[in-house]
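Chemist: This is the structure I have questions about; it appears just below.
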Amino acid sequence: MPLDNEHLLHENSIDPPKGFFERHPGTPNIPGGWEEYLKLYNQSIENPSKFFGEKAKEFLSWATPFTDARYPPGNGFQNGDSAAWFLNGELNASYNCVDRHALKNPDKPAIIYEADEPNQGRTVTYGELLKDVCRIAQVLTDLGVKKGDTVAVYLPMVPEAITTLLAIVRIGAIHSVVFAGFSAGSLRDRILDADSRIVITSDESLRGGKIIETKKIVDEALKSCPDVRNVLVFKRTGTPHLPWVEGRDLWWHEEIIKHVPYSPPVNVRSEDTSFLLYTSGSTGKPKGIQHSTAGYLLGALLTTKYVFDVQGDDILFTAGDVGWITGHSYVVYGPLLNGATTVVFEGTPAYPDYSRYWDIVDKHKVTQFYVAPTALRLLKRAGSKYVQNHDLSSIRVLGSVGEPIAAEVWEWYNEYVGRGKAHICDTYWQTETGSHIIAPIAGVSKTKPGSASFPFFGIDPVILDATTGEELKGNNVEGVLAIRNPWPSMARTVWKDYNRFLDTYLRPYEGYYFTGDGAARDQEGFYWVLGRVDDVVNVSGHRLSTAEIESALIEHNLVGESAVVGFPDELTGSAVAAFVSLKKDVDNPAEVKKELILTVRKEIGPFAAPKLIILVSDLPKTRSGKIMRRILRKVLAGEEDSLGDISTLSNPSIVEEIISTVKRDA
Ligand code: WT7
């Protein structure tokens, strides 16, 4: 739907701060403000081919120009399928991120690396990055990696992670990054599913002063990955006790020096896959979300440019890991496509103390800072003294991502970090969307604490009635969030499973992309994302599937059945609770609970560990055997008065037991 001012009254909203313009080095990327946004937005919705075709020509460098910006032409999801973009065009992602900037300005900083230990970082220029990318690209070619092959990446936040991703796409291969907090088992599943034959990792990694034995985890995973030929190992700590498989394992520093500093990029077609990134859905098996090349690049480029108003000399600090989509789009691709400088931070917000982020911002004069609310809640709780004695006047934009940001956290961010002079951009998007889909445009959009505000160009959001699928028109409506139009950076499929892609995203509500989130549009047209309506829990901005945690718990030999639900947590947003019935009585329930937590840490990763384990004799089930998680959620929330009719359960009496166990244990 086109937007117009009549539907957007902005009575209770906040104007872009004047300080944003005072701190601005020149002209914002949307100089005409809100009126210009409306005009561009409406053009992008009415004629996406024209709008994105022009942007793709203007901002991306093409080896072969595309002929058709969108196929099929026109609008919407036609015949239940998505669209393809920039047909017959050829380009290379690493050329767009590195070469074109290095050719013009080789000495410009591309990466500012802040190591876990303060003062151990360094800067990598575009010229240096180009050399490293070319050399690693040749290493990979020597190892037999070809266009279309996948390469698994299990690396900490070091500049070499960026080099790695760009080297992979330089030769037309596909990166599949696995967050280096995932267990050996999760890594193994992803290597096998993607059929990766090469793994790139580090000897160890360092976070918050703690050592993580990255290579050992890879070794463990590879015990059941017979097809992996080589492991390329970046030396991070230089530990003397590194297990080594001769012939398979290779040192990064030994391989890289064998190669010349330039090798030409391998051009790919627009729709060729650039990467896979696994994410959790409603069922146990993680999905390999598959992204295109040109469409993805354009989305990352445009959102960075407009939402964050990034200018060529800006320094972006996205405090997210390259193992998640935030790192892909806003540590790596978005900043580099715009020729800006990106901060790669290896550590945590609390090490050596709670002022680490602000030390970095102050030291490097960061212009855009981007983080998840969970970190802000931690820092707010630690106390404002950690933020006060820093010069943060370089910041124009403060981004938030991954979960709703509560109004009081928004206010704290605005007051203590932005000091009223930065535009707060609460960005709503997903691994599947590739880049921001609902977000304020810095210097342009009005904001309301807790609302992601308005759609980005090309995004036509709708609120649907969850049951009937009927579109709820006008303002003041609440339902599930869907999108009416394909957009360039949306995922193309689930790796090797287009049917699952359709089932998850395009079939639930015919003619729309279904986000899986509930949302409201308020009386002034602002969008409010209310959280997942499926079995996905968002813990500290990490997306977890309850089904995946349940299948991890089952691995423990005492577990009969389990039901995992999310519950509100002050620090992490949501936390995980597992209701577990054991196969037999045990003498030491406390011990068993510890073992169950360890099982999840081992099967998935430490970040998925349940905060609560509740041992029960049975789970509430319908007569057909379906576990009623809704009842468990209500009991945890202390809402046992509103459980509804439980008499139809096959075992109604279990509910009393669960209520008293929760009262005792939780
Ligand atoms: C889910 C996607 C997007 C990168 C990080 C997470 C939730 C994301 C917001 C926001 C409210 C948000 C949604 C979404 N979410 N951003 N600004 N406000 N909720 O990516 O792991 O794919 O998770 O995160 O529930 O569906 P992801």
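FYI, it's all coordinate maths here, none of it is from the lab. On a predicted model such as this, the values are computed, not experimentally measured, just so you know. Counting neighbours? That spans all protein chains shown, and the Cβs are built from the backbone with ideal geometry, glycine included.
Chemist: How would you rank 134, 225, 97, going from fewest to most other Cβ atoms within 10 Å of each one's own Cβ?
Modeler: In increasing order of surrounding Cβ atoms, one gets 225, 134, 97.
Chemist: Now, a different point. Return a whole-number percent for the relative contact order of the chain, with Cα pairs under 8 Å and 6 or more residues apart as the contact set.
Modeler: Worked out over the chain, it gives 14 percent.
Chemist: Further question: Order these peptides, 158-170, 313-325, by their mean beta-carbon neighbour count within 10 angstrom, highest first.
Modeler: Those peptides, ordered most packed to least, come out 158-170, 313-325.
Chemist: Hey, what's the Kirkwood Rh for segment 537-665 if you take every pair of different alpha carbons, in angstrom?
Modeler: 14.9 Å
Chemist: Hey, another quick one. Looking at the chain only, what percent of DSSP beta bridges run antiparallel? Nearest 5 please.
Modeler: 60 percent
Chemist: Moving to a separate point now. Distance from the Cα centre of segment 373-447 to that of segment 543-558, in angstrom?
Modeler: Here the two parts' Cα centres lie 33 Å apart.
Chemist: Over what distance in Å are the Cα centres of segment 127-179 and segment 292-353 separated?
Modeler: With segment 127-179 and segment 292-353 each reduced to a Cα centre, they are spaced 18 Å.
Chemist: Here's a follow-up. Net charge around residue 430, counting only other residues with Cβ within less than 13 Å of its Cβ (Lys, Arg = +1; Asp, Glu = -1)?
Modeler: -1
Chemist: Then there is this: Using a 10 Å cut-off on Cβ atoms, rank the peptides 560-573, 188-201 from the highest mean neighbour count down.
Modeler: Per-residue Cβ counts within 10 Å, averaged per peptide and sorted highest first, yield 188-201, 560-573.
Chemist: Moving to a separate point now. Taking neighbour counts of Cβ atoms within 10 Å as a proxy for exposure, in what order, fewest first, do 661, 293 appear?
Modeler: By the 10 Å Cβ count, ascending, the order reads 661, 293.
Chemist: Next question. How would segment 1-121 be classified by its alpha-carbon gyration tensor: rounded, prolate or oblate, with rounded meaning a/c under 1.5 and the a/b versus b/c comparison settling the rest?
Modeler: In terms of gyration-tensor shape, oblate.
Chemist: Mind running the shape call on the chain? Use the C-alpha gyration tensor, a ≥ b ≥ c as the square roots of the eigenvalues: rounded below 1.5 for a/c, prolate if a/b tops b/c, oblate otherwise.
Modeler: rounded
Chemist: Still on this structure, I have one more. Packing-wise, with mean Cβ within 10 Å as the measure, how do 355-366, 78-89 rank, highest first?
Modeler: The most tightly packed comes first, giving 355-366, 78-89.
Chemist: Sort segment 91-269 into rounded, prolate or oblate with this rule: let a ≥ b ≥ c be the square roots of the eigenvalues of the Cα gyration tensor; rounded if a/c is under 1.5, and if a/c is not under 1.5, prolate when a/b is larger than b/c, oblate otherwise.
Modeler: Oblate, because a/c is 1.5 or more while a/b does not exceed b/c.
Chemist: Describe numerically, in nm with one decimal, the distance between label points set 7 Å from Cα along Cα→Cβ at residue 78 and at residue 381.
Modeler: 5.2 nm
Chemist: Give the distance, in whole Å, between the Cα centre of segment 195-220 and the Cα centre of segment 40-75.
Modeler: Going from one Cα centre to the other spans 41 Å.
Chemist: How much of the DSSP bridge set in segment 537-665 is antiparallel, in percent, rounded to the nearest 5?
Modeler: The antiparallel fraction comes to roughly 75 percent.
Chemist: If you don't mind, another one. What does the charge count around residue 440 come to, taking other residues whose C-beta lies under 10 Å from its C-beta (Lys +1, Arg +1, Asp -1, Glu -1)?
Modeler: +1
Chemist: Hey, fewest Cβ within 10 Å first, where do 175, 556 land in order?
Modeler: 556, 175
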